[in-house]
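Undergrad: Sharing a structure below in structure tokens format, with a few things to ask.
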Amino acid sequence: MWLLWLAWVLAVAAGSSPTASPPDKASIFADLSAAELRAVRTFLMSRPELGLSPSRGGPLAKNTLFLVELLPPKKEVALRYLDQGGPRPRRQARAVVFFGGQAEPNITEFAVGPLPQPSFYRPLRFKGGRAVPFAARPMTQLEYELLHRTLAEATEPLYRLLRDSTGFWFHNCSRRCLTFSDIAPRGLASGERRSWLVLQRFVEGFFLHPVGLEVLVDHQDPDPRRWAVRRLWYNGQYFSSPQELAERYEQGTLAVARLEEPPSRQLFSSYEPRGSFATGTPTEVHGAKVCEPQGRRYRLRGNRLEYGGWSLAFRLRSSAGLQLFDLRFNGERLAYEVSVQEAIAFYGGHTPAAMQTKYMDAGWGMGSVTYELARGIDCPEVATYLDAHHFYDADGPVRFSNAICVFELPTGVPLRRHFDSDFQGGFHFYAGLEGQALVLRTTSTVYNYDYIWDFLLYPNGVMEAKVHATGFIHATFYTPQGRRYGSRVHSHVLGNLHTHLVHYKVDLDIAGTGNSFETMDVRFENISNPWSPGARRRVPPARVGSGWQSQAGVGDGCPPTTAPRQGGSLLPVPGDGPDPAPVARRYHLAVTRHHENEHSSSSIYAQNDPWEPLVSFEGFIRNNESIEDQDLVAWVTVGFLHVPHAEDIPNTATPGNAVGFFLRPFNFFDEDPSVASRSPVIVRPLDPPTFSRLEIQRWTPASPGPCVAPAPFAYNGTYRQE
């Protein structure tokens, strides 16, 4: 069986070229190619009944194709093909269309196929047959442009205030422009689309440069001419209109927050070096590097990845990120799917924007913002880099260069080792196996935050899912009242306290799809000592098992405490503002029966309508189905509480800001499967007690050889429609 290492057990019933063609079976899970994405768009644009227009430019009230990505085959169909020689599943796309140019706007999702030459489309239905309200749609580039225009016009009366207090403004600003960050959810009830906008100076790291003004814009109407500013907050006070705020400034009765002129170099929000370390040890030379002196020890063929005993198929879906399929060890399937589902962050604060912020990043295109990975920084120089194509709020596929990397990582700690001392100054033997893991990585830059997503495969049959949080903190303007909700990280900047939660889907198939769920409880026991009558002993923990026969959530109603790869957390209680029902935020672990209409725990619509979500995770576990000897899915939530501090300037660092979980074999193998590795070293003395001659056994070359110096650092950073 395999251990889902959050203190619970899921129990069961009983170096070559990376550019080869993909195996046929793995390719059923491969992302759509640029040609397939274009074919879907061409086909749908040609259907007169859909009335589609280009996404960019023009009015907001129009019908547009927003998202195209692979629609994976149903599990039953895929397994029949993978395991039983059944027919190959036909390749289809998921297409999301915004019908904004009609009397009752809505959002409809379609299955489009067969690829590569589509000839049909049909609507996809959500669980319960609910329609997607138009107000739940994610933001688009066009809506942001219109929002910027609305904000610039609305703040015209505030030109003098902004110029005098910040040195930046919106109108004819050239190099001294203001920008904004928008907050979600966008309102207080389903159907609303009212966004608080945090105004910031547009300098490097503008997220850390709020100017003290926040503006509430109502942009629910499809016609931007009817958008309006509803409220303003400036330096601790609320105002009903820009005119009221401007009048207060002109009358001299406004408490003005005057900001210092930002320096042209070494701005506190920049990465430019400043200061020095006390020891004087060198940092102007390169540090340690990863190298592959004798070539790659993994094989990458299309979307099929193989390493040691491991094999899997993977994709990078635009809606939510990395997704693994058909995860096997030594040819035996362990999981049908392991995937990222959602990343959310709940904030507290004194300003209206801060107290409203509850980010659900699938609603911001979390899987589509996979910008270029920098060689030697984001991944080792020797890694294999793969491009990704996304069709998200665009008029064609956009290629993101080097969006994924694969590399073997020296862990810096042996996988296992032992020194067998003779306790007389010598030893009987030493043996060790160097620690390595294969890493599959991508990143998501969701505006201010950068998530680094990793799946790690270890030679002993352990898989680790891990995410690091870095990037800029979500900051608001400092006021004395705000100190309750965070830390003052710079003169006018408050780092707001928040909780990160990340949700994963783990569809384990151990020895088939008929699995059961079991926990292992342990406790101390007070027993009679069998070899000393009359004495009693308190023995170490003994196993006490308890199983569940119906769908279960572990940690119901309780915030996360401590577990491996888990930090402390602060969660909202039901009824306290918008409840993140799409995410299993009350559970470390929930186990449900597999259902095709429960393929994801969240959706791209959850962010802008968390009050009546299209996907409600609570519904997954409230039907009281048996989970004994069934096809089961584990839903895992990990997270941490982030109390920002001065050391988050300029960016949050990765150490201490990583969470995840492990899949570990538990009596699944007869022994540690890493014994198949040819990388151990065994040392035995041949002439104890003198130890002048040693036998050194190894199954790899005696010397690893030199690391090859890579080419100079280069970076492009562009992502363009093809």
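Undergrad: Of the accessible area of region 141-251, with the probe set at 1.4 angstrom, what percent is carbon plus sulfur?
TA: Using a 1.4 Å probe with all protein chains present, region 141-251 comes out at 44 percent carbon and sulfur.
Undergrad: Per residue and in cubic angstrom, what volume does the convex hull of the Cα atoms of the chain have?
TA: Cα-based convex hull of the chain, divided per residue, equals 214 Å³.
Undergrad: Mind listing the phi-derived Karplus ³J(HN,Hα) values for region 398-403, rounded to whole Hz, using 6.51, -1.76 and 1.60 with θ = phi - 60°, and x for any glycine or proline?
TA: Running phi through 6.51 cos²θ - 1.76 cosθ + 1.60 with θ = phi - 60° gives 10, 8, 9, 5, 6, 7 Hz.
Undergrad: Quick one: which residues, 5 or more positions from GLN607 or on another chain, have an amide H under 5 Å from its amide H? H modelled 1.01 Å from N in the peptide plane, none for Pro or chain starts.
TA: GLY363
Undergrad: Between region 247-278 and region 453-497, how many Å separate their Cα centres?
TA: Going from one Cα centre to the other spans 23 Å.
Undergrad: In what sequence, largest accessible area first, do VAL382, VAL633 appear using a 1.4 Å probe?
TA: VAL382, VAL633
Undergrad: Let me ask you something else. In region 237-276, whose amide N lies under 11 Å from the spot 7 Å out along Cα-to-Cβ of ARG175? List them in ranges.
TA: 264-265
Undergrad: THR445 versus ASP672, label points 7 Å from Cα toward the beta carbon: distance in nm?
TA: 4.1
Undergrad: Something else about it: If you count only protein heavy atoms with a 1.4 Å probe, what accessible area per residue comes out for the chain, rounded to a whole Å²?
TA: 45
Undergrad: For a Förster distance of 51 Å, can you work out the FRET efficiency between the beta-carbons of THR384 and TYR238, rounded to the nearest 0.05?
TA: 0.40
Undergrad: Here is a follow-up. Just to verify a number: what accessible area does ARG230 come out at with the full protein assembly present, 1.4 Å probe, Å² rounded to tens?
TA: 110
Undergrad: Put a dot 7 Å past each Cα toward the Cβ at ALA228 and ALA131; how far apart are the dots in nm?
TA: Rounded to a tenth, the inter-label distance reads 2.7 nm.
Undergrad: To the nearest 500 deg cm²/dmol, what mean residue ellipticity at 222 nm is calculated for the chain from DSSP H runs of n ≥ 4 alone, each contributing -39,500 (n - 2.57), summed and divided by the residues?
TA: -2500 deg cm²/dmol
Undergrad: Taking 7 Å along the Cα-to-C-beta vector as the label spot, tell me the MET45-ALA714 distance in nanometres, rounded to one decimal.
TA: The two pseudo-label positions are separated by 3.2 nm.
Undergrad: Taking the full set of protein chains and a 1.4 angstrom probe, give the accessible area of GLU244 in square angstrom, rounded to the nearest 10.
TA: Only protein atoms counted, so the area is about 60 Å².
Undergrad: ASP629 to ALA111: extension gain in nm, 0.36 nm per residue of separation minus the Cα-Cα distance?
TA: So the chain would gain 183.3 nm between ASP629 and ALA111.
Undergrad: With every protein chain in place, what's the accessible area of ILE452 (1.4 Å probe, Å², nearest 10)?
TA: My reading of the accessible area for ILE452 is about 30 Å².
Undergrad: Let me ask you something else. For the full complex of protein chains and a 1.4 angstrom probe, list CYS291, CYS379, CYS707 by accessible area with the highest value first.
TA: CYS707, CYS291, CYS379
The values are calculated or read from the model by the stated rules, or taken from the named source; none is laboratory data. As the structure is a prediction and not an experimental result, all values here were calculated from the model. As a convention, Cβ positions derive from the backbone with ideal geometry for all residues, glycine included, and neighbour counts pool all protein chains shown. Side chains included, ligands, DNA and RNA excluded: accessible areas come from the protein's heavy atoms. Shrake-Rupley method; radii C 1.70, N 1.55, O 1.52, S 1.80 Å.
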